[in-house]
Amino acid sequence: MRRELVSAFVLAALAACLFVTRPLVAEPGASQPYLYQRAGQGIPGEIAVEIETAYGSRDARPFGAEGFEQGARVRTSPLRWLTAEAWGGALITAGAYKAAAGAIDLHVAVLNQDDHAVNLSLGAGYLFDYQQVHVPRFRVTLGRSWGPIDTSLAGYLEVPTAEGRDTVDLVLALAASYRVAPWARVGLEAEGQDLEGFWEPEEAEGGAKLILGPTAWFRVWDRLYTKLNVGAVVPATTNAPTRIAPGVDPAAFDYGVLARAVMGWSFR
């Protein structure tokens, strides 16, 4: 299983290395350079299609430490202030298909830094997760750019609609990147996941987790791009997990590694 995961990341890295010296355009679609932070300020008329491979994500961990996800995402911005996303994914564990999930989200840009000094986006959506639970979710994203430097701060609230799950799940995320070339951004992404674990005695995902790791965005060829992130998962609290699937080692909720690779194509 790890062999397939490593192969996916190696292929993405090789694609970037092979094409970075080719003629490139200057960042169309780079308003969405991060893996976990997606604000509502897109390029009008742009459509992006992304293929994602992920390991150790928050939704996959309840099924064990060896599973990975294969997914696809479509994003469109009919207006500069409105972005819509649809995502579908399959969870693979022990070399076999385990479950499917899907989500839809809308992001509305309320403020932009040209007129109000900061970018502010509000989002709302719906997730049907790998445990077949309906999860309404909401997002607030605050961001600003200073020349080549871009920053983003986001807060997420999820409301799982099933017994044995938390009343709400809270996530706070921070990302920053630097444009080292018209075709490349490098930076960091950090998250505090399931922060309700700091005050709730029980927490479905096993308590609050801190995530930190490098992130990168590369324009590979014309409108083809790749995004890469690897992060350390560090438990901040030790609440007893209630979301864990039967037969799964509770260690899956302790220290770990989270990784995600995306190959995408944007067009108008």
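Miscellaneous remarks
- Among (1) over 30 Å from residue 46 (Cβ atoms); (2) surrounded by 14 or more Cβ atoms within 10 Å (Cβ to Cβ); (3) without any contact (Cβ under 8 Å) to a residue 40 or more places away in the chain, the one test that residue 163 misses: (2)
- Residue within region 239-252 that is part of a strand (DSSP E or B) and over 30 Å from residue 149 (Cα atoms) present: yes
- The set of residues from region 145-176 being within 19 Å of the chain's Cα centre (by Cα) and of a type in the set (D, E, K, R) comprises 150, 158, 169.
- Scanning region 193-216 for residues that are at pLDDT below 95 and out of contact with any Asp or Glu (no Cβ under 9 Å at 6 or more places or on another chain) yields 198, 199, 201.
- Only residues that are within 17 Å of the chain's Cα centre (by Cα), hydrophobic (A, V, I, L, M, F, W, C) and surrounded by 20 or more Cβ atoms within 10 Å (Cβ to Cβ) were counted in region 246-261, giving 3.
- Of all the listed residues (214, 235, 241), the sole one being touching a residue at least 40 places away in the same chain (Cβ under 8 Å) and either in contact with a helix residue (DSSP H, G or I) (Cβ under 8 Å, 6 or more places away or on another chain) or under 30 Å from residue 181 (Cβ atoms) (or both) is 241.
- Boolean, residue 48 is touching a helix residue (DSSP H, G or I) at 6+ places or on another chain (Cβ under 9 Å), surrounded by 16 or more Cβ atoms within 10 Å (Cβ to Cβ) and either modelled with pLDDT under 90 or not in a loop (DSSP other than H, G, I, E, B) (or both): no
- For region 54-99, the tally of residues that are assigned to a loop (DSSP other than H, G, I, E, B) and farther than 23 Å from residue 213 by Cβ stands at 4.
- Tally, over region 51-67, of residues that are under 16 Å from residue 204 (Cβ atoms) and modelled with pLDDT of 95 or more: 0
- Across region 227-245, the number of residues qualifying as of a type in the set (Val, Ile, Thr) and crowded, with 21+ Cβ neighbours inside 10 Å comes to 1.
- Of residues in region 98-149 being polar (S, T, N, Q) and surrounded by fewer than 16 Cβ atoms within 10 Å (Cβ to Cβ), the one nearest to residue 52 (Cα to Cα): 132
- Members of region 158-201 that are charged (D, E, K, R) and either in contact with a Ser or Thr (Cβ under 6 Å, 6 or more places away or on another chain) or part of a loop (DSSP other than H, G, I, E, B) (or both): 163, 165, 166, 185, 189, 194, 200
- Scope region 202-223; condition buried (at least 17 other Cβ atoms within 10 Å of the Cβ) and assigned to a strand (DSSP E or B); matching residues: 209, 211, 213, 215, 216, 217, 218, 219, 220, 221
The values are calculated or read from the model by the stated rules, or taken from the named source; none is laboratory data. Every value quoted in this text rests on a predicted model; they were computed, and no experiment measured them. Note that we place each Cβ from the backbone using ideal geometry, even for glycine, and neighbour counts take in every protein chain shown.
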